[in-house]
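Q: Questions regarding the structure given below will be posed in turn.
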Amino acid sequence: MIKNTRISDPEVYEIVAAELNRQEHNIEMIASESTAPLEVMELSGCVFTNKTTEGYPGARFQAGSQVADRIESLAIARAKKVFGAEHANMQVYSGSSANYGVYAAILSPGDTVLSMRLDQGGHLTHGSPVNFLSKVYNFRFYGVDPQTEQIDYEMLEKLAWEYKPRLIIAGGSSYPRLIDYKLMSEIAKKAGAYLMVDMAHVAGLVAAGVIPSPVPHADFVSSSTTKTFCGPRSGLILCKAEHAKMLDKGVFPGSIGSIHLNTIAAKAFSLRYVGTPEFRAIMEQVVVNAKKLAEALARHEFRIVSGGTDNHIVLVDLRRKGITGKLFQNALEKVGITVNKNMIPFDPASPFVTSGVRIGLTSISQRGLKEAEVVEIAEIMNQVASAPEDPANLDDCKAKTEMLIARFPLYPARSFDD
Ligand SMILES: *Cc1c(COP(=O)(O)O)cnc(C)c1O
(Lines give C-alpha, C1' and ligand atoms only; values in the text may rest on other atoms or scores of the structure.)
Protein backbone atom coordinates (compact mmCIF):
# COMPACT_ATOMS: atom_id res chain seq x y z
CA MET A 1 0.00 0.00 0.00
CA ILE A 2 2.99 2.30 0.38
CA LYS A 3 4.80 1.04 -2.69
CA ASN A 4 5.54 4.56 -4.05
CA THR A 5 7.30 5.57 -0.85
CA ARG A 6 9.37 2.39 -1.00
CA ILE A 7 10.92 3.67 -4.23
CA SER A 8 11.11 7.41 -3.60
CA ASP A 9 11.87 7.58 0.14
CA PRO A 10 13.32 4.32 1.45
CA GLU A 11 14.19 5.96 4.76
CA VAL A 12 10.56 6.68 5.67
CA TYR A 13 9.45 3.39 4.12
CA GLU A 14 11.85 1.47 6.35
CA ILE A 15 10.43 3.11 9.50
CA VAL A 16 6.82 2.31 8.54
CA ALA A 17 7.81 -1.26 7.68
CA ALA A 18 9.51 -1.56 11.08
CA GLU A 19 6.28 -0.44 12.79
CA LEU A 20 4.24 -2.97 10.81
CA ASN A 21 6.72 -5.62 11.90
CA ARG A 22 6.46 -4.51 15.55
CA GLN A 23 2.66 -4.69 15.51
CA GLU A 24 2.71 -8.05 13.75
CA HIS A 25 5.01 -9.71 16.30
CA ASN A 26 3.74 -8.14 19.52
CA ILE A 27 0.68 -8.80 21.63
CA GLU A 28 -0.83 -5.30 21.60
CA MET A 29 -2.85 -4.71 24.75
CA ILE A 30 -2.90 -0.92 25.04
CA ALA A 31 -6.59 -0.26 25.77
CA SER A 32 -6.76 2.71 23.38
CA GLU A 33 -5.49 0.70 20.43
CA SER A 34 -7.13 -1.38 17.73
CA THR A 35 -6.36 -2.46 14.18
CA ALA A 36 -7.90 -0.37 11.42
CA PRO A 37 -9.31 -2.39 8.50
CA LEU A 38 -7.40 -2.06 5.20
CA GLU A 39 -10.26 0.04 3.77
CA VAL A 40 -9.68 2.59 6.55
CA MET A 41 -5.98 2.67 5.61
CA GLU A 42 -6.82 3.23 1.93
CA LEU A 43 -9.43 5.90 2.56
CA SER A 44 -7.31 7.78 5.11
CA GLY A 45 -4.84 8.44 2.30
CA CYS A 46 -7.33 8.95 -0.54
CA VAL A 47 -7.64 11.94 -2.93
CA PHE A 48 -9.95 13.81 -0.56
CA THR A 49 -6.66 14.77 1.14
CA ASN A 50 -6.28 17.30 -1.72
CA LYS A 51 -9.61 19.04 -1.20
CA THR A 52 -9.95 22.02 1.13
CA THR A 53 -13.42 22.83 2.31
CA GLU A 54 -15.01 24.64 5.24
CA GLY A 55 -18.62 24.96 6.34
CA TYR A 56 -21.28 22.27 6.09
CA PRO A 57 -22.83 20.33 3.15
CA GLY A 58 -24.76 22.78 0.97
CA ALA A 59 -23.16 25.83 2.64
CA ARG A 60 -19.44 25.75 1.84
CA PHE A 61 -16.89 28.52 1.73
CA GLN A 62 -15.00 26.90 -1.19
CA ALA A 63 -16.14 26.08 -4.71
CA GLY A 64 -15.92 22.54 -6.01
CA SER A 65 -17.34 21.03 -2.83
CA GLN A 66 -20.30 19.11 -4.28
CA VAL A 67 -18.52 15.74 -4.07
CA ALA A 68 -17.25 16.61 -0.62
CA ASP A 69 -20.86 17.27 0.38
CA ARG A 70 -21.76 13.74 -0.67
CA ILE A 71 -19.12 12.04 1.48
CA GLU A 72 -19.82 14.18 4.56
CA SER A 73 -23.61 13.74 4.20
CA LEU A 74 -23.15 9.98 3.87
CA ALA A 75 -20.98 9.86 7.02
CA ILE A 76 -23.56 11.93 8.94
CA ALA A 77 -26.45 9.71 7.82
CA ARG A 78 -24.56 6.53 8.72
CA ALA A 79 -23.56 7.91 12.15
CA LYS A 80 -27.16 8.83 12.95
CA LYS A 81 -28.36 5.41 11.87
CA VAL A 82 -25.80 3.23 13.62
CA PHE A 83 -25.99 5.13 16.92
CA GLY A 84 -29.69 6.05 16.72
CA ALA A 85 -28.76 9.73 17.10
CA GLU A 86 -30.81 12.79 16.12
CA HIS A 87 -27.78 14.73 14.87
CA ALA A 88 -24.14 13.98 14.07
CA ASN A 89 -21.12 16.18 13.46
CA MET A 90 -18.35 14.34 11.61
CA GLN A 91 -15.86 17.20 11.23
CA VAL A 92 -13.83 16.93 14.43
CA TYR A 93 -10.29 15.63 14.13
CA SER A 94 -10.07 13.36 17.18
CA GLY A 95 -11.62 12.55 20.53
CA SER A 96 -9.91 15.60 22.04
CA SER A 97 -11.13 17.83 19.21
CA ALA A 98 -14.66 16.43 19.73
CA ASN A 99 -14.60 17.55 23.37
CA TYR A 100 -13.29 20.98 22.41
CA GLY A 101 -16.14 21.29 19.90
CA VAL A 102 -18.75 20.64 22.59
CA TYR A 103 -17.06 23.04 25.05
CA ALA A 104 -16.92 25.74 22.36
CA ALA A 105 -20.63 25.19 21.65
CA ILE A 106 -21.98 25.48 25.18
CA LEU A 107 -19.43 26.94 27.61
CA SER A 108 -18.22 30.46 28.38
CA PRO A 109 -14.94 31.19 30.17
CA GLY A 110 -15.36 30.67 33.90
CA ASP A 111 -18.22 28.18 33.57
CA THR A 112 -18.13 25.22 35.93
CA VAL A 113 -17.73 21.67 34.59
CA LEU A 114 -18.03 18.52 36.72
CA SER A 115 -16.03 15.56 35.43
CA MET A 116 -14.35 12.37 36.61
CA ARG A 117 -10.95 12.66 38.28
CA LEU A 118 -8.10 11.84 35.91
CA ASP A 119 -6.42 9.51 38.41
CA GLN A 120 -9.65 7.52 38.76
CA GLY A 121 -10.36 7.09 35.09
CA GLY A 122 -11.08 10.53 33.58
CA HIS A 123 -9.24 12.10 30.62
CA LEU A 124 -6.75 14.95 30.11
CA THR A 125 -9.35 16.94 28.15
CA HIS A 126 -11.77 16.76 31.10
CA GLY A 127 -10.00 19.48 33.07
CA SER A 128 -6.53 18.19 33.88
CA PRO A 129 -4.31 21.01 35.21
CA VAL A 130 -1.82 20.28 32.40
CA ASN A 131 -4.46 20.92 29.70
CA PHE A 132 -4.89 24.60 28.72
CA LEU A 133 -8.67 24.46 29.19
CA SER A 134 -8.20 24.11 32.93
CA LYS A 135 -7.31 27.82 32.78
CA VAL A 136 -10.47 28.69 30.85
CA TYR A 137 -13.19 26.74 32.63
CA ASN A 138 -13.69 25.96 36.27
CA PHE A 139 -13.34 22.17 36.47
CA ARG A 140 -14.53 20.23 39.52
CA PHE A 141 -14.24 16.49 39.95
CA TYR A 142 -16.15 13.46 41.12
CA GLY A 143 -14.66 10.03 41.70
CA VAL A 144 -15.21 6.42 42.64
CA ASP A 145 -16.25 4.89 45.93
CA PRO A 146 -13.16 3.53 47.74
CA GLN A 147 -14.95 0.26 48.53
CA THR A 148 -16.56 -0.63 45.20
CA GLU A 149 -14.11 1.35 43.02
CA GLN A 150 -17.15 2.29 40.91
CA ILE A 151 -18.55 5.79 40.42
CA ASP A 152 -19.98 7.24 43.65
CA TYR A 153 -23.26 8.58 42.23
CA GLU A 154 -24.46 9.91 45.60
CA MET A 155 -21.35 12.04 45.93
CA LEU A 156 -21.71 13.07 42.29
CA GLU A 157 -25.24 14.30 42.97
CA LYS A 158 -24.10 16.23 46.06
CA LEU A 159 -21.31 17.88 44.06
CA ALA A 160 -23.74 18.73 41.26
CA TRP A 161 -25.98 20.53 43.79
CA GLU A 162 -23.03 22.26 45.39
CA TYR A 163 -21.26 23.47 42.24
CA LYS A 164 -24.23 23.97 39.90
CA PRO A 165 -22.10 23.07 36.84
CA ARG A 166 -23.10 24.07 33.32
CA LEU A 167 -21.81 20.70 32.09
CA ILE A 168 -21.40 17.25 33.62
CA ILE A 169 -19.08 14.82 31.81
CA ALA A 170 -19.40 11.04 31.98
CA GLY A 171 -16.87 8.65 30.55
CA GLY A 172 -13.15 8.12 30.86
CA SER A 173 -10.10 6.27 29.69
CA SER A 174 -9.53 3.64 32.35
CA TYR A 175 -12.96 2.86 33.75
CA PRO A 176 -13.71 -0.86 33.33
CA ARG A 177 -17.38 -0.84 34.37
CA LEU A 178 -20.68 0.26 32.83
CA ILE A 179 -21.81 3.80 33.62
CA ASP A 180 -25.39 4.55 34.66
CA TYR A 181 -26.09 7.16 31.97
CA LYS A 182 -29.77 7.38 32.87
CA LEU A 183 -29.01 8.24 36.48
CA MET A 184 -26.38 10.76 35.41
CA SER A 185 -28.84 12.44 33.04
CA GLU A 186 -31.37 12.73 35.87
CA ILE A 187 -28.73 14.28 38.12
CA ALA A 188 -27.71 16.68 35.33
CA LYS A 189 -31.31 17.71 34.65
CA LYS A 190 -32.01 18.39 38.33
CA ALA A 191 -28.83 20.46 38.60
CA GLY A 192 -29.61 22.39 35.40
CA ALA A 193 -26.52 21.04 33.63
CA TYR A 194 -25.93 19.58 30.19
CA LEU A 195 -24.72 15.97 30.14
CA MET A 196 -21.91 15.06 27.78
CA VAL A 197 -20.87 11.42 27.55
CA ASP A 198 -17.35 10.95 26.24
CA MET A 199 -17.53 7.42 24.84
CA ALA A 200 -14.06 7.53 23.23
CA HIS A 201 -13.06 4.16 24.67
CA VAL A 202 -16.30 2.25 24.26
CA ALA A 203 -17.78 3.60 20.98
CA GLY A 204 -17.22 0.29 19.15
CA LEU A 205 -18.94 -1.70 21.91
CA VAL A 206 -21.83 0.79 21.84
CA ALA A 207 -22.13 0.74 18.03
CA ALA A 208 -22.26 -3.06 18.07
CA GLY A 209 -24.93 -3.03 20.78
CA VAL A 210 -22.74 -5.03 23.16
CA ILE A 211 -23.01 -2.51 26.02
CA PRO A 212 -25.78 0.06 26.69
CA SER A 213 -25.73 3.26 24.62
CA PRO A 214 -25.45 6.73 26.16
CA VAL A 215 -27.19 8.29 23.13
CA PRO A 216 -30.78 8.27 24.51
CA HIS A 217 -29.67 9.91 27.76
CA ALA A 218 -27.01 12.48 26.89
CA ASP A 219 -27.31 15.97 25.41
CA PHE A 220 -23.97 15.40 23.67
CA VAL A 221 -21.94 12.27 22.99
CA SER A 222 -18.31 12.79 21.96
CA SER A 223 -15.97 10.10 20.76
CA SER A 224 -12.71 9.21 19.14
CA THR A 225 -12.98 6.82 16.20
CA THR A 226 -9.94 4.74 17.10
CA LYS A 227 -9.98 2.57 20.26
CA THR A 228 -12.83 0.01 20.21
CA PHE A 229 -14.38 1.74 17.19
CA CYS A 230 -11.43 0.43 15.13
CA GLY A 231 -11.62 3.31 12.63
CA PRO A 232 -9.30 6.11 11.47
CA ARG A 233 -7.53 8.52 13.84
CA SER A 234 -10.41 10.93 14.14
CA GLY A 235 -13.52 11.74 16.13
CA LEU A 236 -17.25 12.42 16.05
CA ILE A 237 -20.00 14.10 18.07
CA LEU A 238 -23.67 13.14 18.38
CA CYS A 239 -26.39 15.29 19.94
CA LYS A 240 -30.09 15.93 20.34
CA ALA A 241 -31.74 17.78 17.42
CA GLU A 242 -32.42 20.81 19.63
CA HIS A 243 -28.64 21.30 20.12
CA ALA A 244 -27.68 20.67 16.48
CA LYS A 245 -27.14 24.28 15.34
CA MET A 246 -25.29 25.23 18.49
CA LEU A 247 -23.02 22.18 18.20
CA ASP A 248 -22.20 22.72 14.52
CA LYS A 249 -21.21 26.32 15.27
CA GLY A 250 -19.05 25.18 18.17
CA VAL A 251 -17.19 22.83 15.84
CA PHE A 252 -16.93 25.18 12.84
CA PRO A 253 -15.98 28.00 13.08
CA GLY A 254 -15.80 27.58 16.87
CA SER A 255 -12.91 25.19 17.19
CA ILE A 256 -11.56 23.86 13.85
CA GLY A 257 -10.65 24.98 10.33
CA SER A 258 -10.92 23.03 7.10
CA ILE A 259 -12.21 19.51 7.41
CA HIS A 260 -10.27 16.30 6.84
CA LEU A 261 -12.39 14.79 4.09
CA ASN A 262 -10.02 11.84 3.78
CA THR A 263 -10.69 10.72 7.34
CA ILE A 264 -14.39 11.54 6.89
CA ALA A 265 -14.38 9.03 4.02
CA ALA A 266 -12.69 6.49 6.30
CA LYS A 267 -15.22 7.24 9.06
CA ALA A 268 -18.06 6.70 6.57
CA PHE A 269 -16.65 3.24 5.83
CA SER A 270 -16.27 2.44 9.54
CA LEU A 271 -19.80 3.57 10.34
CA ARG A 272 -21.11 0.92 7.95
CA TYR A 273 -18.63 -1.71 9.13
CA VAL A 274 -19.50 -1.34 12.85
CA GLY A 275 -23.10 -2.24 12.00
CA THR A 276 -22.16 -5.61 10.49
CA PRO A 277 -22.57 -9.02 12.20
CA GLU A 278 -18.81 -9.56 11.69
CA PHE A 279 -17.97 -6.51 13.81
CA ARG A 280 -20.58 -7.38 16.42
CA ALA A 281 -19.03 -10.83 16.85
CA ILE A 282 -15.61 -9.25 17.42
CA MET A 283 -16.99 -6.81 20.00
CA GLU A 284 -18.79 -9.64 21.83
CA GLN A 285 -15.51 -11.54 21.95
CA VAL A 286 -13.71 -8.44 23.27
CA VAL A 287 -15.95 -8.44 26.36
CA VAL A 288 -15.74 -12.23 26.76
CA ASN A 289 -11.94 -12.04 26.52
CA ALA A 290 -11.73 -9.15 29.01
CA LYS A 291 -13.80 -11.04 31.57
CA LYS A 292 -11.68 -14.13 30.99
CA LEU A 293 -8.43 -12.21 31.46
CA ALA A 294 -9.70 -10.61 34.69
CA GLU A 295 -10.70 -14.04 36.00
CA ALA A 296 -7.41 -15.71 34.96
CA LEU A 297 -5.26 -12.92 36.45
CA ALA A 298 -7.26 -13.03 39.68
CA ARG A 299 -6.56 -16.74 39.87
CA HIS A 300 -2.84 -15.83 39.73
CA GLU A 301 -3.33 -13.53 42.75
CA PHE A 302 -3.44 -10.24 40.83
CA ARG A 303 -6.04 -7.84 42.29
CA ILE A 304 -8.54 -6.64 39.66
CA VAL A 305 -9.74 -3.07 40.30
CA SER A 306 -13.52 -2.98 40.91
CA GLY A 307 -13.49 -6.80 40.95
CA GLY A 308 -13.98 -7.28 37.20
CA THR A 309 -14.85 -5.64 33.91
CA ASP A 310 -17.88 -4.96 31.71
CA ASN A 311 -15.97 -3.66 28.69
CA HIS A 312 -12.60 -4.04 26.93
CA ILE A 313 -10.49 -2.81 29.87
CA VAL A 314 -8.95 -4.74 32.74
CA LEU A 315 -7.37 -2.49 35.37
CA VAL A 316 -4.92 -4.40 37.56
CA ASP A 317 -3.58 -3.47 41.01
CA LEU A 318 -0.04 -4.89 41.25
CA ARG A 319 0.68 -4.14 44.90
CA ARG A 320 -0.01 -7.69 46.02
CA LYS A 321 2.70 -8.84 43.59
CA GLY A 322 5.18 -6.34 45.05
CA ILE A 323 5.85 -4.65 41.69
CA THR A 324 5.00 -1.23 40.23
CA GLY A 325 3.13 -0.40 37.03
CA LYS A 326 6.30 1.03 35.54
CA LEU A 327 8.36 -2.09 36.23
CA PHE A 328 5.63 -4.42 34.95
CA GLN A 329 5.01 -2.37 31.79
CA ASN A 330 8.72 -2.39 30.95
CA ALA A 331 9.16 -6.11 31.67
CA LEU A 332 6.11 -6.99 29.55
CA GLU A 333 7.43 -4.82 26.72
CA LYS A 334 10.63 -6.86 26.73
CA VAL A 335 8.64 -10.06 26.22
CA GLY A 336 6.48 -8.59 23.45
CA ILE A 337 3.32 -7.74 25.38
CA THR A 338 2.39 -4.05 25.20
CA VAL A 339 0.33 -2.57 28.04
CA ASN A 340 0.50 0.75 29.86
CA LYS A 341 1.15 1.62 33.46
CA ASN A 342 -1.90 3.29 34.94
CA MET A 343 -3.02 4.92 38.17
CA ILE A 344 -5.46 2.88 40.20
CA PRO A 345 -8.06 4.67 42.36
CA PHE A 346 -6.44 6.25 45.44
CA ASP A 347 -3.02 5.23 44.10
CA PRO A 348 -0.24 5.94 46.59
CA ALA A 349 2.38 5.88 43.80
CA SER A 350 3.19 8.78 41.43
CA PRO A 351 1.70 8.92 37.90
CA PHE A 352 5.18 8.13 36.53
CA VAL A 353 5.44 4.91 38.55
CA THR A 354 1.84 3.86 39.40
CA SER A 355 0.57 0.77 41.19
CA GLY A 356 -1.32 -0.60 38.23
CA VAL A 357 -1.50 -1.44 34.56
CA ARG A 358 -4.38 -1.00 32.14
CA ILE A 359 -4.91 -3.87 29.73
CA GLY A 360 -7.11 -3.70 26.62
CA LEU A 361 -8.52 -6.66 24.71
CA THR A 362 -9.58 -5.06 21.42
CA SER A 363 -6.57 -5.68 19.17
CA ILE A 364 -6.05 -9.31 20.13
CA SER A 365 -9.75 -10.08 19.76
CA GLN A 366 -9.66 -8.61 16.24
CA ARG A 367 -6.77 -10.96 15.44
CA GLY A 368 -8.87 -13.92 16.52
CA LEU A 369 -7.49 -14.73 19.97
CA LYS A 370 -10.12 -16.33 22.19
CA GLU A 371 -10.45 -17.51 25.81
CA ALA A 372 -7.80 -20.27 25.57
CA GLU A 373 -5.18 -17.80 24.30
CA VAL A 374 -6.20 -15.20 26.90
CA VAL A 375 -5.53 -17.76 29.64
CA GLU A 376 -2.07 -18.36 28.10
CA ILE A 377 -1.41 -14.60 28.12
CA ALA A 378 -2.39 -14.42 31.81
CA GLU A 379 0.07 -17.24 32.52
CA ILE A 380 2.86 -15.40 30.70
CA MET A 381 2.00 -12.20 32.60
CA ASN A 382 2.19 -14.09 35.88
CA GLN A 383 5.54 -15.59 34.94
CA VAL A 384 6.86 -12.12 34.04
CA ALA A 385 5.59 -10.69 37.36
CA SER A 386 7.32 -13.48 39.31
CA ALA A 387 10.79 -12.35 38.16
CA PRO A 388 10.45 -9.15 36.09
CA GLU A 389 14.17 -8.40 36.10
CA ASP A 390 15.53 -11.89 35.41
CA PRO A 391 16.78 -12.02 31.79
CA ALA A 392 16.42 -15.81 31.54
CA ASN A 393 12.80 -15.61 32.70
CA LEU A 394 12.04 -12.82 30.23
CA ASP A 395 13.69 -14.74 27.36
CA ASP A 396 11.53 -17.75 28.14
CA CYS A 397 8.39 -15.57 28.21
CA LYS A 398 9.36 -13.85 24.96
CA ALA A 399 9.62 -17.18 23.17
CA LYS A 400 6.12 -18.07 24.41
CA THR A 401 4.66 -14.74 23.27
CA GLU A 402 6.19 -15.04 19.82
CA MET A 403 4.87 -18.54 19.35
CA LEU A 404 1.40 -17.55 20.49
CA ILE A 405 0.95 -14.44 18.35
CA ALA A 406 2.51 -15.98 15.22
CA ARG A 407 -0.67 -18.02 14.78
CA PHE A 408 -2.81 -14.86 14.39
CA PRO A 409 -1.73 -12.55 11.52
CA LEU A 410 -2.37 -8.82 11.94
CA TYR A 411 -3.45 -8.36 8.31
CA PRO A 412 -3.97 -10.83 5.47
CA ALA A 413 -0.60 -11.82 4.01
CA ARG A 414 0.96 -9.37 1.53
CA SER A 415 -1.75 -6.69 1.98
CA PHE A 416 0.92 -3.97 2.14
CA ASP A 417 3.24 -5.27 -0.59
CA ASP A 418 1.37 -4.67 -3.82
C1 LIG B 1 -8.70 8.84 24.11
C2 LIG B 1 -9.67 9.73 24.75
C3 LIG B 1 -9.89 11.01 24.27
C4 LIG B 1 -9.04 11.64 23.21
O5 LIG B 1 -9.13 11.03 22.00
P6 LIG B 1 -7.99 11.31 20.91
O7 LIG B 1 -8.59 10.75 19.68
O8 LIG B 1 -6.77 10.62 21.42
O9 LIG B 1 -7.81 12.80 20.87
C10 LIG B 1 -10.89 11.77 24.85
N11 LIG B 1 -11.62 11.28 25.87
C12 LIG B 1 -11.42 10.06 26.37
C13 LIG B 1 -12.28 9.58 27.48
C14 LIG B 1 -10.44 9.24 25.84
O15 LIG B 1 -10.23 8.03 26.36
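The values are calculated or read from the model by the stated rules, or taken from the named source; none is laboratory data. Computed from a prediction, not measured in an experiment: that's the story for all the values here. Note that we place each Cβ from the backbone using ideal geometry, even for glycine, and neighbour counts take in every protein chain shown.
Q: Considering only region 177-224, state which residues are polar (S, T, N, Q) and either more than 12 Å from the ligand (Cβ to nearest atom) or assigned by TED's automatic domain parsing to the domain that holds Asn311 (or both).
A: Scanning region 177-224 gives Ser185, Ser213.
Q: Take region 120-176 and flag every residue that is more than 12 Å from the ligand (Cβ to nearest atom), part of a loop (DSSP other than H, G, I, E, B) and touching a residue at least 60 places away in the same chain (Cβ under 8 Å).
A: Within region 120-176, Gly143, Pro146, Thr148, Glu149, Gln150, Arg166, Pro176 qualify.
Q: Would you check which residues across region 334-365 are assigned to a helix (DSSP H, G or I) and either under 14 Å from Asn382 (Cα atoms) or in the same structural domain as Gly204 (by TED's automatic domain parsing) (or both) and list them?
A: The one that is assigned to a helix (DSSP H, G or I) and either under 14 Å from Asn382 (Cα atoms) or in the same structural domain as Gly204 (by TED's automatic domain parsing) (or both): Val335.
Q: A follow-up question, please. Look through Glu42, Glu19 and report the one residue that is more than 30 Å from Val335 (Cβ to Cβ) and either at pLDDT 95 or above or part of a helix (DSSP H, G or I) (or both).
A: Glu42
Q: Within region 63-91, restricting attention to residues that are more than 16 Å from the ligand (Cβ to nearest atom) and outside any helix (DSSP H, G or I), which residue is surrounded by the fewest Cβ atoms within 10 Å (Cβ to Cβ)?
A: Looking at the filtered set, the residue picked out is Ala63.
Q: Give me the residue from region 225-243 that is assigned to a strand (DSSP E or B) and within 13 Å of the ligand (Cβ to nearest atom) and, out of that set, surrounded by the most Cβ atoms within 10 Å (Cβ to Cβ).
A: It comes out as Leu236.
Q: Applying the selection to region 92-116, what residues are surrounded by 18 or more Cβ atoms within 10 Å (Cβ to Cβ), out of contact with any helix residue (DSSP H, G or I) (no Cβ under 6 Å at 6 or more places or on another chain) and assigned to a loop (DSSP other than H, G, I, E, B)?
A: The answer is Tyr93, Ser94, Leu107.
Q: Which is more than 19 Å from Val286 (Cα to Cα) and surrounded by fewer than 22 Cβ atoms within 10 Å (Cβ to Cβ), of Glu389, Glu373?
A: Glu389
Q: Still on this structure: Among the residues of region 307-315, is there at least one that is among the hydrophobic types (A, V, I, L, M, F, W, C) and not in a strand (DSSP E or B)?
A: Taking every residue of region 307-315 in turn, none turns out to be among the hydrophobic types (A, V, I, L, M, F, W, C) and not in a strand (DSSP E or B).
Q: With Ala290, Ala268 as the choices, which residue is touching a residue at least 12 places away in the same chain (Cβ under 8 Å), assigned by TED's automatic domain parsing to the domain that holds Ile76 and buried (at least 17 other Cβ atoms within 10 Å of the Cβ)?
A: When all the criteria are applied, what remains is Ala268.
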